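> The structure's right below; bear with me while I get my questions together.
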Amino acid sequence: MIKINKCVSVFFSGLILTLCSCNDVSKPAVAAADQEILPEDIVELRDDQIRLAGIQTGAVEMRSVNNTLKVNGTVTVAPQNQATVCMPMGGFIISTTLLPGNAVGKGQTLAVIQNQDFIDIQQDYLQAKNSLVFAEAEYKRHTDLYKNDVYSEKNVQQVIVEYSNLKAQVKSLEQKLLLIGINPGQLTEDNISSKINLVSPIKGYLRTVNINIGKYVSPTDVLFEIVNSDRLFLELTLFEKDADKVMPGQKVKFYIDNETEEHDASVTQTGKLVNDDKTLRVYATVTSYCKNVLPGMYVNAFIEESDNRVTALPSEAIVSFDDKDYIFVFEKEKEEEGKPFTEYRMIEVKKGASSSGFTELKLPEGFDPATEKVVIKGAYSLMSAKKNSGEMAC
C-alpha cells in the first residue's frame, strides 16, 4: 500500500487522520514487492472509515433539472381581490368593532353610519312610489277613454308624460337607495331609518381602518381597505435582455426575506412595455399554500427556463479538482490483512444546469447508469483522501 502523505486540509483534518490510520508507521516496513499499487483513479477505505465519512451510494436519476433565471419582485393581489370601502353619501360613524388584520366575510357589517339625508331619500322614494300607483291607474284610464274617442289626444299625452316622469323618479331613487345599502324591495313606511350598515364587498383581511366613533366621513374618505390573500400574485422585474426567455406556463420557485422555505408559482403573463430602466414586469400566480406570504412582501425568485428530463445527481455528489468535475462509483470490496476494504473509482464528468439540489451530468461513454453505484454522500471525503494519498498534488 502506498505510504500516505500527512498534509491535510484543515476542514478534513480529523477525517483524514482516521482515513490514513490504516498505514501504521509503527509497523515494520513492507517489502516493495508486497506493496499494492493502486490505479490513479482508485481510492480505498476501510469499513470504519466509510462509516466515519458518512459515505452513501445511490443511482443516477432522470430528473427535470432546469436552467433558472434569477429575478426579484413583490407579492401582490389581483385588483378584483382587493377593495377600498367608502360611504357614497357620508355620515357619522356610530358603531364599529373591527381592527386592522381582522378577517371579514363578504356582506359582513363593517360599521354603522347615520345621516339625516338617508331619511329624506327613503321618504322621497316611498312618496314617488305611491304617486306612481295613482299615475299608472290614470294612464290606463285615459288611454281607454282616448280609444273610445271620449278623451282628447292632448290630455292623454299629458298623462303619459306625468306617468313616465314618475317612473323615472322611482327608478332613480331605487338606485340611490341601493347605492347607500338599502334594499328598496324591503322598505316600507314602518322601517324608515337614519342608520345604514356599511358592508364588505369581498372576503378578506382588513389592511387599514380609518374610522372611529363619532367621526364624520365624506364620500371621498377611504374608510377600510380589504385584501383577499387566497389568491396571490408575484410582480417580478425582468431585464430587457431576458425578455425572450420567459413565457406563460413556466414554473417559478421563490423565497421571502429571511426564510428558507421554498414556494411555488407559475408565470401567467409578461409585460408588453419596457420601462425607462430597461426592465419589464412578469406576473406569476402563487400555486402553493404559503401561510407566511403576504401582499407587499419582497421576494427572490427563480424562473425555470426549460423542463427537460436529464441524467442528474445530488449536487454534493460532484466534486471539483483542477477545474475538472468528478464523481465516485463503487468498484469492489476486498480484504487485506484480514480487514475489509472498499474501492471507489473516480470518473470525470461534465456538469450542466443545477436546480433544487440536483445537477445535470454528461456521463462518459460506456457508463451504465442502471448498474453503477454512485457515491451520493461523502464524495468530498473521498476526494480529500485521494489528494492526501500522494497520488494527487495537495
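> What dipole magnitude, in Debye to the nearest 20, does the range 116-186 give about its Cα centre under +1 on Lys/Arg Cβ and -1 on Asp/Glu Cβ?
Using only the charged Cβ atoms, the result is roughly 160 debye.
> For ARG231 and GLN123, FRET efficiency with R0 = 45 Å and r from the beta-carbon atoms, rounded to 0.05?
So, using R0 = 45 Å, E works out to roughly 0.55.
> Over all directions, what mean area does the Cα convex hull of the range 209-269 project, stated in square nanometres?
The number I arrive at for the range 209-269 is 8.0 nm².
> Per the Kirkwood treatment, what hydrodynamic radius in Å, one decimal, follows for the range 117-252 from the mean inverse distance over all distinct Cα pairs?
20.6 Å
> Taking only DSSP H segments of four or more residues, each worth -39500 (n - 2.57), what value at 222 nm results for the chain once the sum is divided by all its residues, to the nearest 500 deg cm²/dmol?
The helix contribution divided over the chain gives -7000 deg cm²/dmol.
> While we're looking at this one, here's another question. Cut-off under 18 Å on the C-alpha distance; same-chain residues fewer than 8 positions from LYS245 excluded. Which lysines are left, in chain and number order?
Once the sequence-local lysines are set aside, what remains near LYS245 is LYS70, LYS253, LYS272, LYS278.
> Any idea how far the Cα center of the range 162-202 sits from the one of the range 209-250, in Å?
Between the Cα centre of the range 162-202 and that of the range 209-250, the gap is 32 Å.
> Mind pulling up the Rg/Rh value for the chain? Radius of gyration and Kirkwood radius, both on Cα.
Value, to two decimals: 1.36.
> Which whole-percent values make up P(r) of the range 116-186 when all C-alpha to C-alpha distances are grouped in 10 Å steps starting at zero?
For the range 116-186, the pair-distance distribution reads 20, 39, 23, 14, 4.
> Please report the Cα spread of the range 229-297 along all three principal axes, rounded to whole Å, starting with the longest.
34, 23, 20 Å, listed from the longest principal axis down.
> I need the chymotrypsin sites (Phe, Trp or Tyr not before Pro) found in the range 237-326, filtered to DSSP loop residues with at most 15 other beta carbons within 10 Å of theirs.
Here the chymotrypsin sites (Phe, Trp or Tyr not before Pro) that fit, given the DSSP loop and packing criteria, are TYR289.
> Another question about this same structure. Considering the dipole of the chain built from charges on the beta carbon (Lys and Arg +1, Asp and Glu -1) around the Cα centre, which of ILE303, THR96, GLY214 is farthest to its positive end?
GLY214
> Mind checking the range 320-382 for GluC sites (Glu not before Pro) that DSSP puts in a loop (not H, G, I, E or B) and that have at most 11 other Cβ atoms within 10 Å?
Counting only loop positions with at most 11 other Cβ atoms within 10 Å, the GluC sites (Glu not before Pro) in the range 320-382 are GLU337, GLU365.
> Need the list of aspartates and glutamates near LYS324 for cross-linking: C-alpha distance under 18 angstrom, and skip anything on the same chain fewer than eight residues off.
Correct list for LYS324: GLU40, ASP41, GLU316, GLU348, GLU360, GLU365, GLU391.
> Could you size up the charge dipole of the chain around its Cα centre, putting +1 on the beta carbon of Lys and Arg and -1 on that of Asp and Glu, and report it in debye to the nearest 20?
1040 debye
All of the numbers you see were taken from the coordinates with simple rules; none came from a lab. It should be emphasised that the depicted structure is a prediction, and the values quoted were computed from it without experimental measurement. Note that we place each Cβ from the backbone using ideal geometry, even for glycine, and neighbour counts take in every protein chain shown.
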